[in-house]
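Notes follow the structure.
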Amino acid sequence: MLLLLMENRTKKLACHCIPCRKSSGTPNSINLIIPDENYTEKTGKIKQFFRKGDSGEDASYNSCSNCGTIIYVKGKALGPVHVLKFGTVDDQEVLDNSKPNQEIYTKNRCAWTQPYEGAKQVKDAE
């Protein structure tokens, strides 16, 4: 099992890009953007795979080596942050207070879904 410690989330982000759609199995993925200095892996082993992002740089998908769940994404183009996948968080209080405040790749939003109320809307990546 992987235990994560996180503090000072800077963004709560809904991403509608095609890779997020495919990896989450949903119309978008919800992500908590955590500065690297506020992220610590306590236990568990990570398995990585890479793909080219829109920037042409590699994006690393970091998964639990036991169950294969994607835990976070990192990439040079993203800056010094961990993009933590919302569904991996066990703390209900964190989940309850993590409504997305921004959406990206809204050009890919499914026509039958609605924007998150009050969230900044960005057509591509920011």
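Below are the figures for this structure:
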| quantity | calculated |
| --- | --- |
| Radius, Kirkwood style, for the chain when every pair of distinct Cα atoms is counted (Å) | 15.0 |
| Pairwise label distance in nanometres, residue 38 with residue 50, each label 7 Å out on the Cα-Cβ vector | 2.8 |
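Here, each number is a calculation from the coordinates, and none is a lab measurement. Note that the coordinates shown come from a computational prediction; the quantities given were computed from them, not determined experimentally. Quick reminder, even Gly has a Cβ in these numbers, built from the backbone with ideal geometry, and neighbours come from all protein chains shown.
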